[in-house]
Amino acid sequence: MSVPSSTIDPLRFRAALGHYASGITVITSNVDGEPIGFTCQSFYSVSMSPPLVSFSVKSDSYSYPKIRRAGRFAVNILSGDQVSISNRFARQGANKWLGVEWQNSPLGNPVIDGSLHWLDCEIHAEHIAGDHLIVIGKVKALSLEEAISVEPLLYFKGQYHSLPASIPGD
């Protein structure tokens, strides 16, 4: 199979990557008493020892420079019934926190009520990658508490999805 030498069309590239299902998170921090956060689907585990996770964020992000200044963040893994939270934190400008219930994590980061789980992290490293930054966090605390919803919020082909009611083999 030969590889075409032409430039990859950004819209086709985005459409191709949209065929990869992913969970949805909200990355949060607290800077000078102000909670901040943004929706992120580019989140993954990096290492078990030490416990490291990573997310990618646009280089021109409004929220991330504040998170960098704080040096810490929480990853809120959204549940299947938190579509409105995902949409709210994907916007820029409006007060994202209005009406959102949350608690402080051990590191002082906002943990959004109703999330499946959360990870409390300190920034470990940051790498420039094209028009994004890859941020690696060292996990300092986490929750595995019983959540209201047992399903994650998934994103596939530009739309939110849920897992089937029962998975074959269960």
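The gain in end-to-end length when the N104 to S59 segment is fully stretched comes to 13.5 nm, 0.36 nm per residue minus the alpha carbon separation. Among V150, V26, V57, which one shows the biggest mean-square fluctuation in a GNM of the chain, springs joining Cα atoms closer than 10 Å? Most flexible of the set in this elastic network: V150.
Between S84, S63, S143, the Gaussian network model of the chain with springs among Cα atoms under 10 angstrom shows the greatest mean-square fluctuation at S84. When the Gaussian network model of the chain links Cα atoms closer than 10 Å, the mean-square fluctuations of N30, N95, N76 top out at N95. Projected label points at D131 and E151, each 7 Å from Cα along the beta carbon direction, are separated by 3.3 nanometres.
In this rough spin-label picture, where each label sits 7 Å from Cα along the Cβ direction, the S84-K140 distance is 3.2 nm.
Working from label points 7 Å from Cα in the Cα-to-Cβ sense, the Q92 to A15 distance is 2.6 nm.
Scalar couplings 3J(HN,Hα) for the stretch 31-46, obtained by applying the Karplus form with A = 6.51, B = -1.76, C = 1.60 to θ = phi - 60°, are 10, 6, x, 10, x, 9, x, 8, 6, 9, 9, 8, 10, 6, 7, 10 Hz; x denotes Gly and Pro. The accessible surface of the chain, taken with every protein chain in place and a 1.4 Å probe, is 56 percent carbon and sulfur. Figure note: T28, T7, T39 ranked by solvent-accessible area, largest first, 1.4 Å probe, ligands and nucleic acids not counted: T7, T39, T28. Measuring with a 1.4 Å probe in the full set of protein chains, what accessible area per residue, in whole Å², belongs to the chain? Here the residues of the chain average 62 Å² of exposed surface.
Between the residues V46, A15, L116, the greatest Cα displacement towards the positive end of the dipole of the stretch 1-128, with unit charges on the Cβ of Lys, Arg, Asp and Glu, is found for A15. Rounded, prolate or oblate: which one fits the stretch 77-138, using the alpha carbon gyration tensor with axes a ≥ b ≥ c (rounded when a/c is under 1.5, else prolate when a/b beats b/c, else oblate)? Oblate, because a/c is 1.5 or more while a/b does not exceed b/c. With helices as the sole contributors, the chain gives -3500 deg cm²/dmol at 222 nm; each DSSP H run of n ≥ 4 counts as -39500 (n - 2.57), and the sum is divided by every residue. Rounded to 0.05, the FRET efficiency of the Q159 and M48 pair, given R0 = 25 Å and the Cβ-Cβ distance, is 0.20.
Hydrodynamic analysis of the stretch 23-78 uses the Kirkwood radius over alpha carbon pairs. Inserted into Stokes-Einstein at 20 °C and 1.002 mPa s, it gives a translational diffusion coefficient of 182 µm²/s. For G18, no residue has an amide H sitting under 5 Å from its own, ignoring neighbours fewer than 5 places away on the same chain, with H placed 1.01 Å from N. Overall size of the chain from C-alpha positions, given as principal axis extents largest first: 53, 42, 39 Å. Charges were assigned to the Cβ only: +1 to each Lys and Arg, -1 to each Asp and Glu. The resulting dipole of the chain about its Cα centre is roughly 540 debye. Computed over the stretch 102-163, the P(r) curve from all C-alpha pair distances, binned at 10 Å from the origin, holds 18, 33, 39, 10 percent per bin.
The values are calculated or read from the model by the stated rules, or taken from the named source; none is laboratory data. Computed from a prediction, not measured in an experiment: that's the story for all the values here. Don't worry about glycine lacking a Cβ; one is built from the backbone with ideal geometry, like all the others, and counts go over all protein chains shown. For the accessible areas, the whole protein counts, side chains as well, though only heavy atoms, and no ligand, DNA or RNA atoms are used. Shrake-Rupley method; radii C 1.70, N 1.55, O 1.52, S 1.80 Å.
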